[in-house]
Amino acid sequence: MNRKQIHTAKAPPALGPYSQAVWVNNLLFLSGQIPLNHLGELVVGSIEEQAEQVFLNIDAIIKKSGGTLDDVIKLSVFVTDLSDFEAINSVMEALFSEPYPARTTIEVSALPKNAALEIEALVNIDPDQ
C-alpha cells in the first residue's frame, strides 16, 4: 500500500497524533475539520461562518493534494445541534455543484474544543494528473 501524509500550513495543525489527510492510491482521506483557523484558533459566530471555515480548511488540504472541492465524493458531518442542518446545506450549496458529494449528518453530544461541527471528507484525486 502506497500511503502519503498530507499537510498544509493553510489549515489548522492536527490536535493530536493524526494527519490532516492521508493519500492512498487515488483516495484522499481527510481527518475531521472543526472551525479552527490556520493558527489553530476557534472561529466563533454563526453556524454558517463556522461551516465556511471548516470548508476553507478542507479546500486548503485538497488543494495541497492537487484537487478541488469538485473531487469530494463523501462528507461526514457531525453537529452538536441537528437544527443546524439547513444552515449547513446553504453553505454547501454555495460551494458544491451537482453531482453533490454523498453525505452523512450525525448529531453528537460534544466535539473537540467545544466546536459546533466537524466535517471529514473522502476525496478522489488522480495523483498522475
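The values are calculated or read from the model by the stated rules, or taken from the named source; none is laboratory data. Model, not experiment: these values are computed from the prediction. When we count neighbours, we look across all protein chains shown, and the Cβ atoms used for this are built from the backbone with ideal geometry, even at glycine. Only protein heavy atoms, including side chains, enter the accessible area calculation; ligands, DNA and RNA are left aside. Shrake-Rupley method; radii C 1.70, N 1.55, O 1.52, S 1.80 Å.
Here are the numbers for the structure shown:
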quantity: Using alpha-carbon coordinates, inclination of helix 85-95 to the longest axis of the chain, degrees; calculated: 40
quantity: Sum of side-chain charges, D71 neighbourhood, beta-carbon under 12 Å (Lys, Arg +1; Asp, Glu -1); calculated: -1
quantity: Cross-link partners of K63 among lysines (Cα-Cα below 19 Å; sequence separation of 8 or more within a chain); calculated: K4, K10, K74
quantity: Percent RCO, i.e. relative contact order, over the chain, from Cα pairs under 8 Å lying at least 6 residues apart; calculated: 32
quantity: Candidates N57, N25, N37, ranked by Gaussian network fluctuation over the chain, Cα under 10 Å, top entry; calculated: N25
quantity: Heavy-atom accessible surface of the chain: percent carbon and sulfur, 1.4 Å; calculated: 50
quantity: Neighbourhood net charge (12 Å Cβ-Cβ; Lys/Arg +1, Asp/Glu -1) for A94; calculated: -3
quantity: Difference of contour (0.36 nm per residue) and Cα-Cα distance, Y100 to M1; calculated: 32.7 nm
